[in-house]
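Engineer: There's a structure below that I have some questions on.
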Amino acid sequence: MIYSPGIVILRTDSGDWVSSFEVDVLTCAAVNAGDVQGKNEKSADRVDPQKLEKQIKATMREHMARILCLFEQRGAKNLVRRNFGTGVYRNDAEVVAKVWAALLIGSEARYTKTFYWVVFPIFGSEHQPDVQTGIQERWRWIE
């Protein structure tokens, strides 16, 4: 993970100038499920696909929890999160949504009262056909 505090924003996504403001940026690679699964299929020591999926989910959960922990330690209250590898990395959108929900929502969630605002912008591409559906199904009651 790379944490970069105080990044100054000067322009919108379309290139228009805005009044400058600062944001903290965290870069953390998601699990690349597609790569892991592909290598497993070619391996002589192939792992059972169900066991592999559990390992991917556990690793994903660990990464996501570390992200939230770092933001909590830095005092962040508002988060904009990406989809965590549901595009090119082929992470299952439903699994990603469930892991975020387990960490952020409900009485058992570790970070339920830590953040004021968490948004998941969903950008469309040919690699993300079920991202929006997976996130919306899991989070629909929040709207």
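The values are calculated or read from the model by the stated rules, or taken from the named source; none is laboratory data. Only a predicted model underlies this, so the values are computations on that prediction, with no experimental measurement involved. Glycine also receives a Cβ, built like all others from the backbone with ideal geometry; neighbour counts cover every protein chain displayed. Ligands, DNA and RNA are excluded from the accessible area calculation, which covers all protein heavy atoms including side chains. Shrake-Rupley method; radii C 1.70, N 1.55, O 1.52, S 1.80 Å.
Engineer: Would you work out what percent of the accessible area of region 55-127, with all protein chains in place, is carbon or sulfur (probe 1.4 Å)? Show your work: numbers first, answer last.
Structural biologist: Values: 2100 of 4220 Å².
Here carbon and sulfur together make up 50 percent of the probe-accessible area.
Engineer: Can you give me the three principal axis dimensions of region 7-68 from its C-alpha atoms, in Å, biggest first?
Structural biologist: 56, 24, 13
Engineer: Go ahead and collect, in residue order, the members of region 19-62 whose backbone nitrogen is under 11 Å from a label point 7 Å along the Cα-Cβ direction of residue 2.
Structural biologist: Label zone hits: 26-29.
Engineer: Another question, if that's okay. Mind listing the long-range amide H neighbours of residue 31? Cut-off is under 5 Å, sequence gap 5 or more, other chains count too, H placed in the peptide plane at 1.01 Å from N.
Structural biologist: none
Engineer: To the nearest 20 Debye, how big is the dipole of region 27-105 about its Cα centre, given +1 on the beta carbon of each Lys and Arg and -1 on that of each Asp and Glu?
Structural biologist: 240
Engineer: For region 1-118, what is the convex hull (Cα atoms) projected area averaged across all directions, in square nanometres?
Structural biologist: The number I arrive at for region 1-118 is 9.2 nm².
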